[in-house]
Amino acid sequence: MSFRAARAACAVCLVIALLPLLGGCGEDRAVGSSAVEVSVSVDASRLGAPVPRDFLGLSFEMSSLAQVARYADGGDFATMLRSLGHGVLRFGGVSADTRVAWTDGATPLAPWASSAVQVSDLLKLRKLAADSGWRVLLTIGLAQYNPLAAAREALAARRALRGWLAGIELGNEPDAYARHHLRSSPWTFSRYGTQIAAYRRAIEKVAPGIAFVGPDVSGSHVFEDWGRRAAISERPALLTGHHYPLGCHTLPPATIARLLSPGIRRAEDASLHRYMAVSRASGIRFRLDEANTVSCGGKAGVSNTFASTLWAVDYIARAMAAGAAGVNLQGNPANCHGYTPVCATTPQKVAEGDLTAQPEWYALLLSKALVGDHPVRVRASPSPANVDVIASLSARRELHVVIVDDDPPGARPALVTLHVGRRFGSAVVLSLTAPSPAATAGVLLGGRAVDGDGRWRAPANLPRRPGRSGVVTLDVLPSSAMLVTLAPRRRPAQAPPG
């Protein structure tokens, strides 16, 4: 469902013109004449499974839960969530195991915890969920082993969140506990499974029927073992794992060029394959419940730039095509310099919920159009262009084509010729632009920014061009992303019988 050829990486801004097969103005021809040609055939006769309604998601540290829950009382977060349709809010991260503990009348705050989650937080979170239409995936810490406290927290979560509770996962990246000195070595799946079983027995005793998800591993390599064994022994309602293409401590260091490189794309395709192989073999859906650009909170100048938008558009579309159940982009409402789709620029704005759409938020807005679609097959002729093309068919029989060009400034443009067949007619282009790949502001979707109240309004008149003989040709300059929508042709009305 995806095509990416092999050229160098990065990105700048998008200039796109939709050309008919014949004709076109002189400026369009000037661009096309110097472009690298990419020929893409789209086969919409074989459909993949539909993209789930709640595919899009956000993930926050458990230490942010109380603050995010307070956004139910004011601010623009609920409005922003509604602009994406339905989704999943996940709370977890390392703080779920190391800094945040449950407390209630029978459970005093643990001495190791620096903050607490309590019933009042969960009740506000339910209001936010109801106002936005987003369900909640909650992580209960496993590292500080306490099955009784876990059972009390799970029961309180079900009572407070009611139908808005999507599920509970036990521990964040438990496969890495020994590396982080949270368990002694050797820390094996068998030891983990014994502790998970004790937690589940305690929880099911007071809250029978609650949905468990997991194992919430740190990456796809370990998932081949832990995910497979969890699927067999635990039968979770949903398999979960994490993905970061770049590490905060790896060498060479994280850069925009590395983030958008063909090598990263190939590694990500292999990672998705590992995750989905276990999912298909077990018959249990898989969700990337924590993902973003650079681990450890991200890297300023990479994670908060337009380059992260291009990465997210491409990765989300490829995860949809692979059959994943969803992607939750990790974020921090109090840190605008790392990875985060939304944040506030001052402590006062954090408290008030006066959030700003970061570059990655625009990737979610574009991806919203693909929810509910059926992925379709894409084939491309060999080309040196660093271009990815992913296609899907909507319930209205519209063809959606996502095109991302990750080439750096100064690279030759790509001339993308889409062979879509005569069943499709005119094409509409929704472009994603920014001043440069390193830009942290000025991102526009369809020429428009997110409003101050968190809303984004699609333009009434997007660029529209007719297709010719089932072919649409697009000039795409480096560092571009777009969504091309092709409507089915109307069949001519039959003459009434004489």
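Going by average Cβ neighbours within 10 Å, how do the peptides 306-314, 91-99 rank, with the highest at the top?
Descending mean neighbour count gives 306-314, 91-99.
When the Karplus curve 6.51 cos²θ - 1.76 cosθ + 1.60 is applied with θ = phi - 60°, which whole-Hz ³J(HN,Hα) does each residue of the range 314-329 get, with x for Gly and Pro?
Coupling constants for the range 314-329: 5, 5, 4, 5, 5, 5, 4, 5, 6, x, 5, 7, x, 9, 10, 7 Hz.
Rounded, prolate or oblate: which fits the range 59-102 when a ≥ b ≥ c are the square roots of the eigenvalues of the alpha-carbon gyration tensor, with rounded for a/c under 1.5 and prolate only if a/b beats b/c?
Taking the square roots of the gyration eigenvalues as a ≥ b ≥ c, the range 59-102 is oblate.
Hey, can you rank 114-120, 52-58 by average C-beta count inside 10 Å, highest first?
52-58, 114-120
Scan (i) 42, 28, 20; (ii) 30, 27, 21; (iii) 41, 23, 22 for the value of semi-axes √(5λ) of the Cα gyration tensor in Å calculated from this model and give just the label.
It is the value labelled (iii).
For R285, which sequence-distant residues (separation of 5 or more, or a different chain) have an amide H within less than 5 Å of its own amide H, given hydrogens modelled in the peptide plane?
L239
All other residues with a Cβ under 12 Å from the Cβ of Q118 taken together, and with Lys, Arg as +1 and Asp, Glu as -1, what is their net charge?
Neighbour charge sum, excluding Q118 itself: -1.
With the dipole of the chain worked out from charges on the C-beta (+1 for Lys and Arg, -1 for Asp and Glu) around the Cα centre, which of P262, S45, H243 lies farthest toward the positive end?
Result: S45.
If you count, for each residue, the other Cβ atoms within 10 Å and average over each peptide, how do 446-459, 359-372 line up from highest to lowest?
Order by mean packing, descending: 359-372, 446-459.
Read phi for every residue in the range 359-372 and hand back ³J(HN,Hα) as whole Hz from Karplus 6.51 cos²θ - 1.76 cosθ + 1.60, θ = phi - 60°, with x for Gly and Pro.
Working through the residues one at a time gives x, 5, 4, 5, 5, 5, 4, 5, 5, 3, 5, 8, 5, x Hz.
Using Cα pairs closer than 8 Å and at least 6 residues apart in sequence, work out the relative contact order for the range 56-370, in percent.
17
Given the options L444, W187, A317, identify the residue whose Cα lies farthest towards the positive end of the charge dipole of the chain (+1 on Cβ of Lys, Arg; -1 on Cβ of Asp, Glu).
Farthest towards the positive pole: A317.
Return the long-range amide H neighbours of G57 (sequence gap of 5 or more, or a different chain), with a cut-off of under 5 Å between placed amide H atoms.
HN-HN under 5 Å from G57: V88, V327, L329.
What size of dipole, in debye to the nearest 20, comes out for the range 356-498 about its Cα centre when the only charges are +1 on Lys and Arg C-beta atoms and -1 on Asp and Glu C-beta atoms?
Charge dipole of the range 356-498: 960 debye, to the nearest 20.
Per residue of the range 232-237, what does 6.51 cos²θ - 1.76 cosθ + 1.60 with θ = phi - 60° give for ³J(HN,Hα)? Whole Hz please, x for Gly and Pro, Karplus curve as stated.
Running phi through 6.51 cos²θ - 1.76 cosθ + 1.60 with θ = phi - 60° gives 7, 8, 9, 6, x, 5 Hz.
For the charge dipole of the chain, defined by +1 on Lys and Arg C-beta atoms and -1 on Asp and Glu C-beta atoms about the Cα centroid, which residue among T356, A113, V327 has the Cα displaced farthest towards the positive pole?
V327
In degrees between 0 and 90, to the nearest 10, how far off the longest principal axis of the chain does helix 147-161 point, with axes built from Cα atoms?
On a 0 to 90 degree scale, this one is about 50.
Work out the length of the dipole vector of the range 56-370 about its Cα centre, built from +1 on the beta-carbon of each Lys and Arg and -1 on the beta-carbon of each Asp and Glu, and round it to the nearest 20 debye.
620
We did not get these values from a lab; they are worked out from the coordinates using the rules stated. This structure is a prediction, so every number in the text was calculated from the model and none was measured. Cβ: placed from backbone, ideal geometry, glycine included. Neighbour counts: every protein chain shown.
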